[in-house]
Amino acid sequence: MIRKSLAVFSLCTILLIASAALAGLEPGDAAPAFTLIDTEGAEYSLQTYLDDGKIVVLEWFNPDCPFIKKHHLNHKTMNETFAAAKDEGVVWLAINSSAKGKEGHGLKRNQRAVKEYEIPFPVLIDESGEVGRAYGAKTTPHMFIINPDGTVAYNGAIDNDRSAAKVGETNYVAAALMALREGKKIVMPETPAYGCSIKYEN
Amino acid sequence: MKNTINKSLGNPSEWRSRPPKPILTAMSDIHPKSLLAMTALLIGTAILCAGCSAQKKPQQPTDSNPVVVTVEAVPDAVAPGESVTLVYRFVLAADWHLYWAGRNDSGFPPLIDLELPDGWLAGGLQWPAPERHVSPGDILDHVYFGELVLIQKIGAPKDAQAGRKVAIKADVQWLACKDMCVPGRTGLSVEIPVKTQVVATEPNPASKAAARLPGPLPDRTLETEWEGATFHIHDPRARRLIFMPTEDCGQLVDLLNDGQGDRLALRFKPRGGTVGPVRGLLTIENEGGDSFTYTIQFPATVFPDAPSGG
């Protein structure tokens with residue numbers, strides 16, 4: 001028997017595809033300022049990190065989304081990408097914009113997820129969706145990298161496999177962080193984010 | 001009607017084939033709730049059907065198992081060198097949706113991997129027109145509610161032996177969403193007898209599905225024009241126009257705010273000195289309220305890149 005693929009969705013085209021609606025923030029745009037509280041009650045402000053000259057990674061998060069489980073539970077993409085960059089002073093903040101009553105919302109649910117997924121960075125709660133909408137965040141996970149000068153360095157997906165099961169061969173965020181570290185140009189500063197839609201307030 | 005494989009399946013060089021793939025982490029792909037529900041359903045069916053007739057009752061989708069998939073071959077037999085159509089039917093529980101294989105902000109379209117005997121060939125999946133679905137946060141997707149029927153041509157080799165039965169296996173994966181998203185996966189199989197003569201009756205599930213596929217725009221007054229990086233579409237007889245880009249369309253700026261009434265102004269992002277091409281589906285809602293969806297294709301045009309730096 002020969003196995004023949006009927007690929008509905010050609011993975012080879014991933015590099016070329018774009019999001020359907022609106023790209024939102026473009027590389028070079030100013031990153032909207034925010035202050036949010038994490039699952040432990042601590043306050044986090046983007047500006048504080050920028051003032052310290054840090055690069056900040058934002059990850060839109062929803063503990064019950066299959067694509068988040070892919071990268072936090074079945075694979076450890078986010079933890080590993082963070083681990084490779086944190087010694088360079090890179091800050092990683094997860095943000096949950098699920099509205100009250102919607103999937104992935106709730107302090108207890110997110111506290112449990114931090115433990116279960118062994119998340120080594122803060123999960124900030126944005127239940128009004130104000131920060132998510134300001135960034136034009138659409139999916140979980142939707143990734144942003146912010147330069148120390150407060151501009152957007154990267155907007156898009158974590159990697160190049162849009163399925164809920166497999167991890168991509170190219171980790172765009174790791175590649176962008178490496179380029180920033182080496183003072184090089186980011187080859188792919190904008191990619192189509194993928195995942196579950198963010199469960200914003202209606 | 002006699003079809004050769006080449007005619008019915010297109011250029012063989014366009015067919016896709018891949019070497020065997022390792023089995024994916026099947027269990028982890030199935031939502032625990034779905035697994036539980038599937039087990040419960042299986043046990044339930046076993047109890048209900050103990051001693052009952054061989055008649056199969058189709059499963060009904062529920063919130064805990066929102067997608068039920070079946071496959072059938074049409075016609076139910078094939079002659080050597082001829083083709084059959086596989087008809088995949090996804091039945092969805094109320095309010096759940098599946099994703100189109102074109103451009104979406106979120107989700108993932110159904111994925112089907114076929115296992116075919118040597119010498120048999122498969123064409124691409126054919127997708128009906130989806131509907132536009134906008135979620136809070138301007139999240140734009142193209143989806144199917146209720147039912148999704150995909151069709152796919154399978155070509156038998158000329159030396160297929162009449163009198164034998166051939167088994168085709170399909171590994172089907174999908175992501176279904178409502179106010180939450182649940183991935184699913186199932187293995188389907190269909191047996192196709194090879195006969196020297198096969199008579200197809202019309203209409204059948206395959207011809208009905210084929211009739212619903214979006215086709216090229218018929219002759220009608222669609223006015224189109226590039227103006228800088230914007231592609232204008234105007235249909236004076238339309239009440240509403242909706243454009244749904246396929247993966248090979250140029251990158252758009254803001255599809256949600258690109259049209260009103262009988263006009264669309266699709267704003268593209270220049271890339272490498274060009275904008276476009278315009279590729280996708282165009283839904284035209286007529287004054288009477290009925291709507292039709294067509295495939296449209298317009299080539300890219302020259303557009304100088306914005307000066308960088310500055």
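Quick look at the values:
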read-out: Sequence-distant residues sharing a close amide H with A:TRP92 (under 5 Å, placed H); value: A:VAL57
read-out: Cβ-derived FRET efficiency at R0 35 Å, A:LYS108 paired with A:ASN74, nearest 0.05; value: 0.95
read-out: Segment B:138-193 pair-distance distribution - Cα-Cα, 5 Å bins, rounded %; value: 4, 11, 18, 20, 13, 11, 8, 7, 5, 3, 1, 0
read-out: Average other protein chain Cβ within 10 Å of Cβ, residues A:139-151; value: 1
read-out: Exceeding the 18 Å Cα-Cα cut-off - candidates B:LYS153/B:LYS208; A:LYS108/B:LYS178; A:LYS102/B:LYS178; value: A:LYS108/B:LYS178
read-out: Pair B:GLN60, B:ASP219: separation of 7 Å Cα→Cβ label points (nm); value: 5.0
read-out: Dimensions (Å) - segment A:34-197, Cα atoms, principal axes, largest first; value: 43, 36, 27
read-out: ³J(HN,Hα), Karplus 6.51/-1.76/1.60, whole Hz, each residue of segment B:148-160, x for Gly, Pro; value: 10, 10, 10, 10, 8, 7, 10, x, 8, x, 4, 9, 4
read-out: Estimated vicinal HN-Hα couplings, Hz - segment A:55-68 in sequence order (Karplus 6.51, -1.76, 1.60; Gly, Pro = x); value: 8, 10, 9, 10, 10, 6, 10, 8, x, 9, 7, x, 6, 5
read-out: Additional length obtainable on full extension of the chain from B:GLN197 to B:ALA211, 0.36 nm per residue less Cα span; value: 2.5 nm
read-out: Sorted peptide list for A:155-167, B:95-107, A:176-188, criterion being average Cβ within 10 angstrom, highest first; value: B:95-107, A:155-167, A:176-188
read-out: Cβ crowding within 10 Å averaged over residues, with B:258-264, B:153-159 ranked highest first; value: B:153-159, B:258-264
read-out: Exercise: per-residue mean of other protein chain Cβ atoms within 10 Å, B:139-146; value: 3
read-out: Within 10 Å of each Cβ in B:96-108, the average number of Cβ atoms from other chains; value: 6
read-out: Hits among aspartates and glutamates - C-alpha to C-alpha of B:LYS169 under 16 Å, sequence gap 8 or more where chains match; value: B:GLU72, B:ASP76, B:ASP113, B:GLU115, B:ASP118, B:GLU191
read-out: Karplus (6.51, -1.76, 1.60) ³J(HN,Hα), θ = phi - 60°, over segment B:192-201, in Hz, Gly and Pro reported as x; value: 10, x, 9, 10, 5, 9, 10, 10, 9, 9
read-out: Radius of gyration, Dmax [segment B:196-295; alpha carbons; angstrom]; value: 17.1, 59
read-out: Only Lys, Arg (+1) and Asp, Glu (-1) charged, at Cβ; segment B:150-275 dipole about Cα centre in debye; value: 620
read-out: Calculated FRET value between A:ASP52 and B:PHE145, using beta carbons and R₀ = 56 Å, to 0.05; value: 0.70
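No value in this document is a laboratory result; all are computed from the given coordinates. Keep in mind that what you see is a predicted model, and the values were worked out from it rather than measured. Every residue, glycine as well, gets a Cβ built from its backbone with ideal geometry; the counts of neighbours run over all protein chains shown.
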